[in-house]
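Enquirer: Below: one structure in structure tokens.
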Amino acid sequence: MSKRKPLTSTTIRKHYKPAADGSSLTRRAAHFYDWAAKKYPKVYISWVLAYRASTGFWRASTKSKEVELFRKRGSAIRNILIDDYGREFTTKKGLGARAQVDGEDTLKNEMVKKARRLQSAIRSAERTRGLIKASDVKDPEWRSWLTRSLSGAIKLVGSDEYKRKLLPPGCKDAEVEKAKAAKTKTKKKARKK
């Protein structure tokens, strides 16, 4: 079995056929990342190499302003990869970026990050809700929303069962216990006021 050659400017120039339809730089970049996910799965590609492949400017400097602006297109590249190619996009500081290879790759990388962000958002909402006394809210419409809708929703998504469902395999319930401790601490602070 032959060993795959490393992904270099020369390798890309030799094997990658850029989209020749006059599409935007962002679309060309998404096309390149899709190609790389097929030919070089799970390999992070430096932003400068991706810029060179997407533009054809093979001598672009690693510290050029254009490469920095290209890097800032990451969200737009992600959206095109999701919508047009059915792939998620991930970045890693110091390494670059890559398109996800398949569903398992997406689950183990991007979905874990998003589940953790969701857990963090839930903790934040619980903490903020703990600071609000219904008696302080004079507007009856807002008070009703707080006590009937919002509090119930936060209680539902903040339940231990819900939090456990967000934990990826191999994670202990320690994260749920940590969240409980933070919640108790917030309640104690609110009582002192």
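Please treat every number below as a calculation from the coordinates, not as lab data. Being a predicted model, the structure only gives us computed values, none of them experimental. Neighbour counts are summed over all protein chains in view; Cβ atoms, including those assigned to glycine, are modelled from backbone coordinates with ideal geometry.
Enquirer: Once you put a point 7 Å from the Cα of ASP136 and another 7 Å from the Cα of THR62, both along the Cβ direction, what distance in nm separates them?
Expert: With each label point 7 Å from Cα toward Cβ, the separation is 5.2 nm.
Enquirer: Set the bar at 31 Å for Cα to Cα. Now go through LYS92/LYS133; LYS72/LYS155; LYS93/LYS165; LYS93/LYS163 and name every pair that lies beyond it.
Expert: Over 31 Å apart, Cα to Cα: LYS92/LYS133; LYS72/LYS155.
Enquirer: Taking every Cα atom in segment 30-126, find the radius of gyration and the maximum pairwise distance Dmax, and write them in Å.
Expert: Over segment 30-126's Cα set, Rg and Dmax evaluate to 14.8, 51 Å.
Enquirer: When the Karplus curve 6.51 cos²θ - 1.76 cosθ + 1.60 is applied with θ = phi - 60°, which whole-Hz ³J(HN,Hα) does each residue of segment 147-160 get, with x for Gly and Pro?
Expert: With the stated coefficients, segment 147-160 comes to 7, 9, 9, 4, 4, x, 5, 5, 5, 5, 6, x, 5, 4 Hz.
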